[in-house]
Amino acid sequence: MVRTPVAEGIFTWPAEEPQLIGSRCTACGIVTFPTQESCPRCAATGMTDQVLARRGRLWAWTTQNFPPPSPPYAGPTGDAFEPYGVGYVELPDEVKVETRLTDADPEALTAGMEMELVVVPFRTDDEGNEVMTFAFRPVG
Amino acid sequence: MDVAIVGVGLHPFGRFAGVSGIEMGAVAIRRALADAGVEWRDIQFAFGGSYEVDNPDAVVALMGLTGIPFTDVYNGCATAASALTLAANAIRLGDHDLGIAVGMDKHLPGAFSADPRQYACPSWYGELGHFVTTKFFGMKINKYMHDHGISQSTLAKVAAKNYRNGARNPNAFRRKPLSEEEILGSPVLNYPLTQYMFCSPDEGAAAVVLCRAEDARRYSDTPVYLRASTVRTRRLGAFEVHSPWLPIEETVGPTVDASRAAFEMAGIGPEDVDVIQLQDTDAGAEVIHLAENGFCADGDQEALVADGALEIDGSRPVNTDGGLIANGEPIGASGLRQVHEVVRQLRGQGDDRQVPGAPKVGYTQLYGAPGTAGVSILSV
């Protein structure tokens with residue numbers, strides 16, 4: 001089965017240790033995810049790509065217990081739907097990224113816990129490719 | 001130039017098969033006109049808000065083709081606040097003496113959906129399932145509960161209050177009281193929020209007739225004055241819906257900005273407010289918005305709810321008509337439904353949900369995607 005990323009340019013792939021790809025403003029230093037062409041803080045247009053830290057801390061989280069409206073959601077629905085966790089992980093001195101979490105059990109998730117980036121299967125597309133997404137999982 | 005509200009009208013909120021959004025808008029307008037004792041031909045201008053109806057101004061086909069300037073408004077969940085603010089400004093500027101703000105909508109059931117690219121979000125964000133508003137509200141209240149010591153049972157108490165108030169409101173969508181146990185026992189949609197803690201998109205319309213304050217007594221023995229009406233959008237660092245990322249730096253949300261601006265405009269403070277309408281997209285949003293609008297400190301909600309402070313006969317009555325939880329959210333009409341309720345309360349026309357002690361100052365707040373808030377302050 002061919003594995004393909006959900007989108008080009010949002011994480012390094014294939015890679016032993018994949019990383020998210022963001023932007024840093026060359027004028028004010030703010031970091032965004034994903035990349036963008038102008039700065040949301042100072043409106044400068046000099047943004048450079050930056051690969052982001054693979055570890056951070058869980059800043060906010062919830063669970064998604066029903067399939068989101070489709071479109072735009074393209075993942076499994078009906079009996080194939082599995083609840084998943086979702087949250088923001090704060091990458092130190094960089095940015096908070098919104099992400100799927102590998103855990104959907106409220107007992108297993110706590111604000112402030114250490115998380116690390118993984119790339120996991122998300123769905124199988126019409127051509128039979130396995131579509132991969134970034135996610136974060138608890139460390140340890 | 002000060003502005004007064006001299007007429008309010010509502011088409012009930014709920015599900016109305018075979019009735020169009022425009023037809024509901026016409027019903028609301030006719031009721032507001034009757035309330036003000038004026039005719040459609042007296043109306044000099046209109047602002048109309050809707051998400052689903054492309055041209056709210058088409059309501060003139062049902063009301064009368066009088067040729068008035070009629071401007072359509074869409075501004076997310078703050079659509080009705082925007083229509084009200086623009087209508088008030090048209091009078092403040094001296095352009096007109098008497099006009100109307102109307103909101104109408106007719107949504108399909110289920111969570112709102114759209115193309116994420118229309119919200120400056122990448123396609124993959126929607127493909128992965130992130131483009132859904134309910135999980136934002138789940139994350140925001142979950143973090144707030146963690147930071148400020150709010151319990152899930154407080155969320156259930158807030159929802160139960162709003163269903164209870166809705167049961168006293170003949171115009172409400174959901175009129176059946178639900179117990180805390182039933183609310184907590186309904187399926188979790190986005191932890192810690194359960195199904196019965198959320199409002200639903202639905203259908204309905206509301207209208208408000210406005211005039212120059214100095215003319216108000218001509219139309220009404222009980223005019224209500226619009227002391228402030230503000231709309232704000234998010235600043236960098238606010239925790240907002242549909243955000244693939246947030247900066248490390250943090251700041252307050254647009255509700256706080258809109259609220260502070262409104263209190264400054266009105267020259268009063270939260271302690272002067274007698275009846276409150278807050279955006280309760282979910283029970284957690286009502287809890288958070290109580291603090292964001294200055295009605296308590298973060299964390300105080302736990303005790304306030306336990307003591308019944310948010311009840312109709314409490315010290316800070318909130319969502320006396322059942323709020324969004326009991327009325328649902330027809331986006332274009334929702335904020336004018338809040339104004340309708342506050343005006344009825346300030347006139348002493350709250351029927352069996354009347355706030356005791358002749359309330360003199362009322363407050364309304366809207367919040368929604370993609371980080372927009374609207375506030376109004378009214379007084380007798």
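Read-outs throughout are calculated quantities, based only on the coordinates presented, and are distinct from any laboratory measurement. Given the structure is predicted, the values throughout are model-derived calculations rather than measurements. Here Cβ is always computed from backbone atoms with ideal geometry, including for glycine, and neighbour counts include all displayed protein chains.
Ranking B:L246, B:L378, B:L236 by Cβ neighbours within 10 Å, fewest first, what do you get?
By the 10 Å Cβ count, ascending, the order reads B:L236, B:L246, B:L378.
Compute the distance in nm between two label points, each set 7 Å from the Cα along the Cα-to-Cβ direction, one at B:E23 and one at A:A15.
Once both label points are built, they end up 5.8 nm from each other.
Under a point-charge model restricted to the Cβ atoms of Lys and Arg (+1) and Asp and Glu (-1), what is the dipole moment magnitude of chain A relative to its Cα centre, in debye to the nearest 20?
Charge dipole, chain A, about its Cα centre: 440 debye, nearest 20.
Okay, which of the range A:1-26 sit inside 12 Å, backbone N to the point 7 Å along the Cα-Cβ direction of A:T124?
Counting only backbone N, you get A:1-2.
Among B:E39, B:E311, B:E203, what is the fewest-to-most ranking by other Cβ atoms within 10 Å?
If I rank by nearby Cβ atoms, fewest first, I get B:E39, B:E311, B:E203.
What spacing in nm lies between the two simple spin-label points modelled at B:L62 and B:D272, each 7 Å away from Cα in the Cβ direction?
3.8 nm
With a point put 7 Å past each Cα toward its Cβ, work out how far B:V380 is from B:T251 in nm, to one decimal.
Label at B:V380, label at B:T251, 4.0 nm between them.
When Cβ neighbours within 10 Å are restricted to other protein chains, what is their mean count per residue of peptide B:120-126?
6
Fewest Cβ neighbours within 10 Å first, please rank B:I5, B:I91 accordingly.
Least to most surrounded, the residues fall as B:I91, B:I5.
So which GluC sites (Glu not before Pro) in the range A:46-133 end up in coil per DSSP with only 12 or fewer other C-beta atoms within 10 Å?
Working: sites: A:E90, A:E94, A:E98, A:E107, A:E114, A:E116, A:E127, A:E130; in loops: A:E94, A:E127.
Passing both the DSSP loop test and the Cβ count: A:E127.
How long are the semi-axes of the equivalent ellipsoid of the range A:3-138, defined as square roots of 5 times the Cα gyration tensor eigenvalues? Whole Å, largest first.
27, 19, 14
If I stretch the segment between A:M1 and A:D49 completely, what's the gain in nm (0.36 nm per residue apart, minus their alpha carbon distance), one decimal?
14.2 nm
For the range B:1-57 and the range A:71-140, write down the distance between their C-alpha centroids in whole Å.
45 Å
For each pair in A:K96/B:K106; B:K106/B:K161; B:K106/B:K135; B:K140/B:K161; B:K135/B:K161; B:K140/B:K176, compute the distance between the two Cα atoms and list the pairs where it is over 30 Å.
Violating the 30 Å Cα-Cα cut-off are A:K96/B:K106.
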